[in-house]
Amino acid sequence: MSGALGRAGGRRERPGAGRWWVLALLSLAIAGSYYEYDAIAPVADFLRLERGFSQEQIGLLNAVFSLPNVFLALLGGVLIDRLGPARVAVWTAALCLLGATLTAFGVPYSMMVLGRLIFGVAEETLFIALLAGVAQWFSGGATALAMALFFSVARIGSYAADTSPDWGRLIYRHGWQLPLWLAAAFTGASFLAALVYGGVDRRARAGGRLPPVRAAERFHAADLVGFDLSYWYILALNVLFAAVFFPFRSTFAIEYFQNAKGLTLQQAGLANSWVFFAAIFATPLFGYLADRFGRRSLMMMIATLTMPLVFLILGTTDWSLWISTALMGVSFSVVPAIIWPATAMLVESKRLGTALGLINVLQNLLLVLSNLTAGWLADWGHAGAAHPQGYDPMLWYFGLLSLVAFVSVVLLWRRESGPEGHGLETLRTLSRQPSAAGG
């Protein structure tokens, strides 16, 4: 992946203060796409009641988003390396807008699935391209802060989607379709931001403030093997954590809160939104603490433990939803803030792109399977307002998957605490940042 600037041929003028404006464009572009990704959950109950969708059909709308990335995650990284992040960002943002538009049309169901498929083809490569853009424009310093802010603004997009039933109450009165057109409008704003970024980046390269795009090294299949054992532990944590968090929070949580906990659509959206609202502010904080005090795998282990507790509390108690929401918020603030910089510490820089691509391939594969499995379990249990206990099999599934993720990070912590560690438990400040991430 093209994560850092080269130093070919002489001294270049640094991007300077203008890079913060570029960061704003990159952040706006990712926030718009995150809004579209999370637009299904607020209308899930409408789709079930107004259009007769099954839980499995609703799960497929997010599963099909991840399906193409099972095959295309590595290809997207190669395109970014060969064509430059700005050009790829413009192309993929345009495809995201097309996918969002087809999803908003949404009739027949196959058109909605096609829209989500096209959006999925483009969105993850867009994400990687934008993050690579951050790495290039901030290669001279403040890379970690820039990435943390980038992720924080991305969470704002998800937070806005979750709270849209409240601030967009008038739109939701008309059923399932207008909220999806609203999401398409956010995706349009994402495309405009990517387009402006493309122009700024092109001028910066022509003026010598950024280096010209240079072709990446040839990819070899052997690059997919031979990583250290700690990498495989962190890969397992990354993949399993995503397979729990995103299918529940982005597909089924709002509907579950409505039917099993008796919340209105607005209340359910607000409760779900606070997971991302907390991450907006907490992600940069935990990233700073990890660099300041070390103990990275220990922090991830503690944060991952909160996930099975979330589903135990939801399924067996009548405690306030704010307790489980707070626990999930802590977990989602800590794990993404640490896991990608930690991956960069475990893998040599020339193989980092391959390592991140492999994570994204497996992550998307399990996201497809997890969305479909959760939807099938909810259908099998006849889950709904008339039978809220039908959601229990889905909760047990997510809880058990969370426990496996916890085991993987315990193994990581034990290895990194011993003589074969790579510095995850020390105070060593990261000297490089990952050029792409999922999430």
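Read-outs throughout are calculated quantities, based only on the coordinates presented, and are distinct from any laboratory measurement. Bear in mind the structure is a predicted one, so any value in this text is a computation, not a measurement. Cβ coordinates were reconstructed from backbone atoms using ideal geometry, including for glycine residues, and neighbour counts include every protein chain displayed.
Among 181-192, 151-162, 27-38, what's the highest-first ranking by average C-beta atoms within 10 angstrom per residue? It would help to have the intermediate numbers written out before the result.
Details: 181-192: 21.9, 151-162: 24.0, 27-38: 27.2.
Final packing ranking: 27-38, 151-162, 181-192.
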Name the shape class, rounded, prolate or oblate, that the alpha-carbon gyration tensor gives for region 385-428, where a ≥ b ≥ c are the square roots of its eigenvalues, rounded holds for a/c under 1.5, and otherwise prolate holds if a/b is larger than b/c and oblate otherwise.
-> prolate
Excluding residue 250 itself, calculate the net charge of residues whose Cβ lies under 15 Å from the Cβ of residue 250, where each Lys or Arg counts +1 and each Asp or Glu counts -1.
-> -4
By the Cα gyration tensor axes a ≥ b ≥ c (a/c under 1.5 gives rounded; else a/b larger than b/c gives prolate, otherwise oblate), the shape of region 18-416 is oblate
What is the gain in length, in nm to one decimal, between residue 288 and residue 203 on full extension, counting 0.36 nm per residue of separation less the C-alpha to C-alpha distance?
-> 27.3 nm
Gyration tensor (alpha-carbon) shape descriptor, region 291-390, a/c threshold 1.5 = oblate
Residue 178-residue 320 pseudo-label distance in nm [points 7 Å out on the Cα-to-Cβ vector] | 3.3
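Determine the sum of side-chain charges near residue 100: Lys and Arg each +1, Asp and Glu each -1, restricted to other residues whose C-beta is under 13 angstrom from that of residue 100.
Numbers: positive: 116; negative: 36, 38, 123.
Value of the local net charge: -2.
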